[in-house]
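Asks: There's a structure below that I have some questions on.
The values are calculated or read from the model by the stated rules, or taken from the named source; none is laboratory data. Computed from a prediction, not measured in an experiment: that's the story for all the values here. In this analysis, Cβ positions are derived from the backbone assuming ideal geometry, glycine residues included, and neighbour counts consider all displayed protein chains.
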Amino acid sequence: MIQAHIFYSGRVQGVGFRFTVVRYATDLDLRGWVKNLPDGRVEILAEGDREKIEQFCQRVEKHFQGYIKDENIDFVPAQENYADFDIAF
């Protein structure tokens, strides 16, 4: 298990981004959260198998192709503090 801390920038707010992220994360049995940031980016913390996290990122990037301008992702060991995947506020 690993944890991915992901930031997406571009036109990623107001386009259903968080709801789509939750659906993809849930489908892949990932745990964590997604939230909008005041600077217009979206922040994601996802825990699970690295292969599933990579699939998740590919799905998100394909779905929002043309909306995402930049992605930043850091991998660290999972803390396993999450029971499911939710929208955080």
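Asks: Which of the numbered conditions does E80 fail, given that it passes all the others? Conditions: (1) modelled with pLDDT of 95 or more; (2) at positive phi.
Replies: (1)
Asks: Just for segment 7-49: of the residues that are touching a Lys or Arg at 6+ places or on another chain (Cβ under 9 Å) and among the polar types (S, T, N, Q), which one is nearest to F85 (Cα to Cα)?
Replies: Looking at the filtered set, the residue picked out is T20.
Asks: Kindly evaluate I44 against the criterion of being closer than 16 Å to I73 by Cα, more than 12 Å from the chain's Cα centre (by Cα) and among the aliphatic types (A, V, I, L, M). Steps first, please.
Replies: Details: closer than 16 Å to I73 by Cα: yes; more than 12 Å from the chain's Cα centre (by Cα): no; among the aliphatic types (A, V, I, L, M): yes.
Answer is no for this residue.
Asks: Mind listing just one residue for me: the one in segment 53-89 that is acidic (D, E) and in contact (Cβ under 8 Å) with a residue 40 or more places away in the chain and, of those, nearest to F7 (Cα to Cα)?
Replies: E71
Asks: Could I ask something else about it? If we keep just the residues of segment 33-52 that are over 19 Å from S9 (Cα atoms) and in contact (Cβ under 8 Å) with a residue 12 or more places away in the chain, which is surrounded by the fewest Cβ atoms within 10 Å (Cβ to Cβ)?
Replies: R50
Asks: Which of the residues spanning segment 1-32 are outside any helix (DSSP H, G or I), surrounded by fewer than 16 Cβ atoms within 10 Å (Cβ to Cβ) and among the β-branched types (V, I, T)?
Replies: Within segment 1-32, I2, V15 meet the criteria.
Asks: So, in segment 42-89, exactly how many residues are more than 16 Å from T20 (Cβ to Cβ), part of a loop (DSSP other than H, G, I, E, B) and not polar (S, T, N, Q)?
Replies: 7
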